[in-house]
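What follows is a single structure, written as structure tokens, with notes after it.
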Amino acid sequence: MPQYSLNQISDVVKGHLSGYNNQIVKHLLIDSRGVAYPSESIFFAIKGVRHNGHQYLSELYTLGVRSFVVEYLPIENFPEAGFILVDDSLKALQQLAGWHRQQFHNLVVAITGSNGKTIVKEWIFQAIHTEKHVARSPKSFNSQVGVPLSVWQIENQHDIAIIEAGISMPGEMEKLETIIRPDIGIFTNLGEPHQENFTDYRQKCEEKLNLFRHCKQLIYCSDYPYIEELLESDKFKGLKRFTWSQKSPADIQVTKIEKGENQTRIHGLYQEQVFQFSIPFIDDASVENSLHVASFMLVQGYSLPVVSERLARLVPVAMRLELKQGINNSTIINDTYNSDLGSLSIALDALSHQHQHPAQTVILSDILQSGRSSDLLYAEISKLLKQKNITRFIGIGPELYKQQQRFGANAKFYLSTNDFLDNFHKGQFGNESILLKGSRSFEFERILKVLEEKAHETVLEINLNAMVHNLNYFRSKLKPGTKIVTMVKAFSYGSGSFEIANILQFQRVDYLAVAFADEGVDLRESGITMPIMVMNPEQSSFDLIIRYQLEPEIFSFKVLQQFSEAVESAGESHYPIHLKIDTGMHRLGFMEDELDRLLVIMKKQEALQIKSIFSHLAGSDEAQFDDFTHTQLDVYERMSTKICAAFPHKIIRHILNSAGIERFSEFQHDMVRLGIGLYGLSAVDQSLVRQVSTLKTVILQIKQIEPNETVGYSRKFKAIQPTTIGIIPIGYADGLHRILGNGVGKLMVNGKLASIIGNICMDMCMIDLTGIEAREGDEVIVFGEAYPITEIARQMGTIPYEVLTSISRRVKRVYFQE
């Protein structure tokens with residue numbers, strides 16, 4: 001991690017240092033809301049069009065920040081702080097990051113282009129991270145402030161740094177180039193985004209190419225004529241090029257592209273060798289992005305077979321979307337942070353993945369600063385909506401209003417957001433997926449407010465990006481052919497049913513597992529088509545299991561006979577089942593001495609076919625039970641081998657759970673079962689996974705009470721001094737266990753822990769805010785990334801599983817996805 005003194009930083013940015021100067025800085029801070037390491041952070045007070053960082057100096061000082069870069073000194077007195085006075089705080093941020101970059105002597109890769117930067121960056125990481133330590137831009141940090149923050153993350157132990165660079169107007173790329181100073185460049189493509197600030201595509205291309213003026217090598221598609229033309233200038237003399245093309249001779253010559261139902265085959269020539277790559281995507285953008293990844297790998301010396309194998313394992317990179325429950329049984333996809341043609345296409349793809357409703361509605365604002373004429377732009381949008389089979393379109397804004405003749409009969413238009421809201425009534429929407437996408441100036445959050453189902457202010461936020469991260473972490477432990485069954489039982493550990501299953505289906509896991517048949521039925525009726533295993537089948541649900549093509553666990557002779565009879569009655573044969581064997585946990589499953597009888601029965605019948613054999617490990621997460629775990633693994637090997645040998649068809653074997661994947665990966669067999677690890681708990685190192693869920697609420701009211709006054713039912717808390725209390729709307733009916741009352745549990749308010757005082761009520765509880773700066777409406781974290789669920793579980797004397805699964809259905813789930 002970077003570590004510089006305030007004196008060093010002052011010298012680098014050519015500023016004037018005053019106040020304390022002995023601070024050591026490890027973190028850069030530009031947003032007062034993002035303070036994580038106050039004493040080790042330096043805040044850059046950047047002045048923008050709509051904000052001024054100098055307004056937050058007092059707040060940051062209160063939070064513990066002691067190092068600041070400012071354009072003018074504050075009036076207030078901050079006795080323990082050090083201030084570096086500069087002419088331009090943003091320029092100082094860039095200078096510091098550029099100087100930090102110069103301390104790094106390994107490979108730096110810069111990626112620019114109109115689209116695909118983040119995907120290419122993340123896919124390169126996916127392809128090489130097993131043997132290279134890679135630093136890369138977080139999310140889409142590619143702006144004038146995002147690039148410095150990205151470069152700051154480069155450390156000496158990194159083999160490669162991959163940095164995105166994006167621009168929106170002339171003159172910006174030269175600044176980013178001095179920060180990144182790349183050794184290798186990748187130019188993804190040239191398209192429409194931010195065209196409004198350039199005279200033509202040629203000017204924008206020339207500006208983007210400034211990123212590579214000191215590069216050793218540039219990777220690009222030579223089918224973009226402006227790139228080829230401009231690279232002939234003296235500025236790029238000596239720049240080594242690596243190209244790919246579908247039209248003309250290049251280093252990678254693409255000869256044919258074949259699109260299947262779920263994958264694309266790319267055929268071509270490289271150094272007179274014929275190759276074929278397969279990628280698990282069928283869209284044109286993914287083909288282009290994957291060829292940039294392949295080009296980079298070949299430049300780095302990877303062989304064609306390795307490139308082919310890595311491309312086949314690429315997984316989707318999540319997008320910036322928010323899923324919420326809407327009125328009248330609808331689902332809202334909130335994507336109001338921006339609006340352009342490219343991101344609209346991405347958002348429409350996300351809408352198409354919502355299968356739980358029969359209809360799909362798009363509410364779209366005018367697209368601003370597209371660089372296109374209105375006629376061309378909205379003709380393209382109309383075409384896109386038709387291609388995506390959108391049921392209904394609602395256009396908001398004067399330009400869309402003018403273009404309404406392009407959108408057919410099932411469309412409605414409003415001049416403004418106010419116009420829409422004036423004519424809104426709830427009966428217009430129901431049982432549909434609604435994509436809400438508007439430019440910020442249209443204030444679509446007001447539309448979201450009326451469309452969103454009302455609920456109390458306690459919410460469980462589900463970070464789908466974190467879930468994808470965790471999935472990919474556990475995937476990294478597996479061989480390429482090993483399958484994954486993900487556990488979505490118990491309402492997906494409290495995280496929500498369909499929404500989690502949908503993202504897992506999109507991420508191409510092989511199986512879902514539910515506890516009971518009705519959970520599987522709900523998923524099927526919501527459009528989940530992938531295989532679903534039922535872990536606790538009941539005789540009363542056998543008809544539903546068969547009707548909805550669910551696959552039951554069979555754990556006893558009684559269940560085996562009952563389900564076999566149900567299958568025969570339904571006229572089915574060779575119905576897939578999953579045999580549960582008991583290797584030592586002694587819960588459900590066939591014992592070893594029952595195998596001979598089991599095999600005789602299975603061979604005599606044709607109604608059922610064994611799809612998999614599995615067992616449960618009792619203590620794979622604890623080293624003290626490792627000997628017993630190995631005993632279980634030995635028993636499983638013996639029992640499963642015997643069963644597999646008795647049948648001619650391939651039978652899937654699986655015994656590892658989340659902890660087993662991390663600690664006993666050599667026993668992964670054909671498939672593994674990923675449960676609590678998916679939701680952010682590791683048996684090895686918690687820093688390797690991300691917490692998926694954040695349970696939060698707000699302070700409804702703040703009161704002052706005097707000594708001897710009491711709080712709550714049964715007067716369990718009595719104040720011994722003047723006390724500030726906060727009342728928050730979460731109680732045991734929401735899943736906040738009563739055992740946490742009376743000082744046992746603590747909740748986080750503005751970065752500090754507040755004890756729960758008195759008995760927890762059904763719908764609310766009280767916390768001690770004495771000594772904590774807080775206001776009514778402030779956020780209260782029950783658990784989350786900054787306050788892990790393991791801490792609440794410890795206070796309760798239980799395990800995180802119980803905490804997650806206890807959260808009531810009445811707590812609204814909100815889903816986020818990058």
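The values are calculated or read from the model by the stated rules, or taken from the named source; none is laboratory data. All of these numbers come straight from a predicted model, not from anything done at the bench. As a convention, Cβ positions derive from the backbone with ideal geometry for all residues, glycine included, and neighbour counts pool all protein chains shown. All accessible areas refer to the heavy atoms of the entire protein, side chains included, with ligands and DNA or RNA removed. Shrake-Rupley method; radii C 1.70, N 1.55, O 1.52, S 1.80 Å.
If you average 1/r across every pair of different Cα atoms in region 429-488 and take the reciprocal, what Kirkwood value do you get, in Å? For region 429-488, the Kirkwood estimate is 15.8 Å. Which residues does the label zone of THR805 cover in region 645-676, counting backbone N under 18 Å from a point 7 Å along Cα→Cβ? Taking a point 7 Å out along Cα→Cβ of THR805, the residues of region 645-676 whose backbone N falls under 18 Å are 657-660, 673-676. For the chain, what does the helix formula give at 222 nm: sum of -39500 (n - 2.57) over DSSP H segments with n ≥ 4, over the residue count, nearest 500 deg cm²/dmol? Computed mean residue ellipticity for the chain: -8500 deg cm²/dmol. A 1.4 Å probe, protein heavy atoms only, puts the accessible area of HIS16 near 120 Å². Residues in region 648-662 carry Karplus couplings, in order, of x, 8, 6, 10, 6, 10, 7, 9, 6, 9, 4, 5, x, 4, 6 Hz; the curve used is 6.51 cos²θ - 1.76 cosθ + 1.60 with θ = phi - 60°, and Gly or Pro positions show x. Legend: calculated FRET efficiency, GLU174 to ASP11, from the Cβ-Cβ distance at R0 = 22 Å, rounded to 0.05, equals 0.40. The convex hull defined by the C-alpha atoms of the chain has an orientation-averaged projected area of 40.3 nm². Inter-label distance, GLN561 to LYS402: 7.9 nm, where each label sits 7 Å from its Cα along the C-beta direction.
Taking the Cβ-Cβ separation of GLU76 and HIS630 as r and a Förster radius of 56 Å, what is the calculated FRET efficiency to the nearest 0.05? It comes to 0.30.
Once R0 is set to 51 Å, what does the formula 1/(1 + (r/R0)^6) return for the Cβ-Cβ distance between GLU445 and ASP510, expressed as a FRET efficiency to the nearest 0.05? It comes to 0.85. Summarised as an ellipsoid, region 186-272 has semi-axes of 26, 18, 10 Å, derived from the eigenvalues of the Cα gyration tensor scaled by 5 and square-rooted, with the largest first. Model label sites at ASP88 and ASN197, defined 7 Å from Cα along the beta-carbon direction, differ in position by 1.3 nm.
Full extension of the segment from GLU606 to ASN262, taken as 0.36 nm per residue of separation minus the current Cα-Cα distance, would add 120.6 nm. Rounded to the nearest whole angstrom, the semi-axes of the ellipsoid equivalent to region 639-771, taken from the Cα gyration tensor as √(5λ), stand at 50, 15, 11, largest first.
Normalised by the number of residues in the chain, the mean separation of alpha-carbon contacts (under 8 Å, six or more apart) gives a relative contact order of 8 percent. For the pair ASN21 and TYR713, the difference between a 0.36 nm per residue extended length and the Cα-Cα distance amounts to 243.9 nm. Spherically averaged projected area of the convex hull of Cα atoms, region 662-736: 8.7 nm². Of the GluC sites (Glu not before Pro) found in region 123-227, those that fall in a DSSP loop while having at most 11 other beta-carbon atoms within 10 Å are GLU131.
Between region 665-742 and region 212-269, what is the C-alpha centre distance in whole Å? Cα centroid of region 665-742 versus Cα centroid of region 212-269: 53 Å apart. Size of region 554-607 from its Cα atoms: along the principal axes, largest to smallest, the extents are 36, 19, 16 Å.
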